[in-house]
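Right, one structure below, let's go through it.
The values are calculated or read from the model by the stated rules, or taken from the named source; none is laboratory data. Note that the coordinates shown come from a computational prediction; the quantities given were computed from them, not determined experimentally. Every residue, glycine as well, gets a Cβ built from its backbone with ideal geometry; the counts of neighbours run over all protein chains shown.
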Amino acid sequence: MTDPANDILIRPGTVEDVETIHAAILRLGAHTGAHQEITSTANDLRTYGFGENPAFSTLIAEVGGEFAGLCLHFPIFSTWMGRPGVYVQDLYVEERFRGRRIGERLLRRVARECRKDGGVYLRLSVDTDNETAKAFYERLGIGWSSYEQVQKIVGDAFFAFADAPEE
């Protein structure tokens, strides 16, 4: 009898996976109720993730050769710790494969790769309304940071800020 836990393959994403990666991000947006916020295209991911200077890396989980999940991540650095880390931008597991610890496996693989490169921490953000994800991360020991808050500036406001003359 085949152990269902052993038919999970985790591998680096490739440029051939771009359409699948983008589709997973769209499904993640729909799941969190923020699909209208997603303006990226598969070509954006191809250009910025698989070009000359990749801005991110991906891990793909497959079950029996079928796409089961995605972890999109990139390196970060803490000046306070003086060490590198990894930021997980997107973690997604197809609904039919949830409950098989695929998300946990993806996160552990990213953490191992980061640690191998001298990293000492993993950081991610969770949508404030996503109670299931918060409980999942807490179960893994990835806790909420009570002393930090994410700030951002996007779109026209970002362009105006970036293009403003220096004083």
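Among the residues making up segment 55-82, those that are within 16 Å of the chain's Cα centre (by Cα) and small (Gly, Ala, Ser) are Ala55, Ser57, Ala61, Ala68, Gly69. Annotation: Glu52 fulfils all but one of (1) assigned to a loop (DSSP other than H, G, I, E, B); (2) within 14 Å of the chain's Cα centre (by Cα); the unmet one is (2).
Considering segment 62-88, the residues that are of a type in the set (A, V, I, L, M), within 25 Å of Ala30 (Cβ to Cβ) and touching a residue at least 40 places away in the same chain (Cβ under 8 Å) include one that is surrounded by the fewest Cβ atoms within 10 Å (Cβ to Cβ), namely Val63. Among the criteria (1) in a loop (DSSP other than H, G, I, E, B); (2) touching a helix residue (DSSP H, G or I) at 6+ places or on another chain (Cβ under 8 Å), the one Met81 does not fulfil is (2). Within segment 116-145, residues that are under 14 Å from Tyr87 (Cα atoms) have Cβ atoms under 6 Å from residues that are surrounded by 12 or more Cβ atoms within 10 Å (Cβ to Cβ) and modelled with pLDDT under 95 in these pairs: Val126/Ala133; Val126/Lys134, counting only partners at least 6 apart in sequence or on another chain. Being closer than 21 Å to Glu95 by Cα and of a type outside the set (Val, Ile, Thr) is a property that Arg46 lacks. You will find that of Leu91, Leu28, Leu59, the residue that is out of contact with any Gly (no Cβ under 9 Å at 6 or more places or on another chain), surrounded by 15 or more Cβ atoms within 10 Å (Cβ to Cβ) and either aliphatic (A, V, I, L, M) or part of a loop (DSSP other than H, G, I, E, B) (or both) is Leu28 and no other.
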